[in-house]
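Report on one structure; see the data block that follows.
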Amino acid sequence: MDSENTTKELNDTQKQLKIRMSKVKHKIAVISGKGGVGKSLVTVNLAMAFALRGNASTVGVLDADIHGPCVPKMLGMKGQRLQAGPPGVFPAVGPMGLKVVSMDFLLQSDESPVIWRGPLKMAAIRQFLSEIVWGDLDFLFIDLPPGTGDEALSVTQLLPDLDGVIIVTIPSEVSRDVVKKAVTFARTVGAPIIGVIENMSGFICPTCGAEFNIFGAGGGDAIADEMKVSFLGKIPIDPRISEDSDKGIPFIVGHRGTPATKAFEDIVEQVEGFLTRSKEKGGD
């Protein structure tokens, strides 16, 4: 009898997930082969870039990093909580009306660890997708933890209609090697690859204008070419990006016209182009 009840609950949850996600036009996962490449920072600023292009209040971010959620910190949303009520649980609302869900909103304090194995993490992500009242969204960005483990696999299994994945790397040789694994993972699970973003791509001295390739050069486009995927662009190092993230301010909001912001805007155009082409191809 317990087995029957469990099966029914899973079926009901899956139906609810389909209903919730049917109201989201585009679902995009952001992944990386390793940590320390600024993936969450890229996710937050990409989401804000889409919001600034006239999509305010129709962009959502799911922070699917169960063990190390940091999206709320970057958006100045620390301390917020998810609000429950009919017909479900509602996302917290951030800058530009951004709808955000994160494990961070459920923890008692910054020192509270999440000590879970795979099945619990998948159950949590399933709940985030099925029980949260996301409403009508144009874009839902899913920030996944580094690597190709439980969370990434859960999202690709729960969202077979995922529009695609964006892979974030830096120019270093080590990062290049693990990007191959991320590309192979996406191909293995059947997730379309939107392209590769190279973060921390050179530092331009504000005084003399000289460019310094602190983490190397050409890694992102080289690996994209080797793996035959699109290269979306390079985001240069700007110390203010990290400073703003620590303050809870998305960089591109306060620094329009900078090389880094221009890079994000160019990447947005490429992502939109990918989505348009995919729609046209699907309609053929």
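Since every read-out is calculated from the coordinates, none of them should be taken as a lab result. Treat the numbers as computed from the prediction; the structure is a model and nothing was measured. All Cβ positions, even for glycine, are placed from backbone atoms using ideal geometry, and neighbour counts span all protein chains on display.
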**Report entry** Residues of type aspartates and glutamates that Lys279 reaches as a straight line, Cα spacing below 17 Å, ignoring anything fewer than 8 places off in the same chain
**Finding:** Asp138, Asp161, Asp163, Glu269
Query - Ranked packing of 9-22, 86-99, most packed first, by mean Cβ within 10 Å - result: 86-99, 9-22
Query - the chain: angle of helix 118-130 to the longest principal axis, Cα-based, in degrees nearest 10 - result: 90
Report summary line: In this structure, the FRET efficiency calculated for Lys18 and Thr184 from their beta-carbon separation, with R0 = 35 Å, to the nearest 0.05, is 0.80
Query raised in the report: Along the positive direction of the dipole of the chain (beta-carbon charges: Lys, Arg +1; Asp, Glu -1; about the Cα centre), which of Pro259, Gly233, Thr58 reaches farthest?
Result: Thr58
Query raised in the report: Once fully extended, how much extra length lies between Arg240 and Glu173, figured as 0.36 nm per residue of separation less the alpha-carbon to alpha-carbon distance?
Result: 21.6 nm
Query - Lys/Arg +1, Asp/Glu -1 at C-beta; the chain dipole; positive extreme among Gln157, Ile167, Val268 - result: Gln157
Requested in this report: Set the Förster distance to 41 Å, then compute FRET efficiency between Met227 and Arg81 from the Cβ-Cβ distance, nearest 0.05.
Outcome: 0.50
**Report entry** Degrees separating the helix 259-283 axis from the principal Cα axis of the chain, which is the longest one
**Finding:** 50
Query raised in the report: In region 68-96, which residues have a backbone nitrogen under 14 Å from the label point lying 7 Å from Lys247's Cα in the Cα-to-Cβ direction?
Result: 74-76
Query raised in the report: Here are some pairs, Lys181/Lys281; Lys39/Lys247; Lys121/Lys228; Lys78/Lys121; Lys18/Lys281; which of them have Cα atoms lying more than 25 Å apart in this structure?
Result: Lys181/Lys281; Lys121/Lys228
Query raised in the report: For region 21-60, which trypsin sites (Lys or Arg not before Pro) are in a loop by DSSP, counting at most 16 other Cβ atoms within 10 Å?
Result: Lys23
Query raised in the report: Which value, in debye to the nearest 20, describes the size of the charge dipole of the chain about its Cα centre when Lys and Arg Cβ atoms bear +1, Asp and Glu Cβ atoms bear -1, and nothing else is charged?
Result: 360
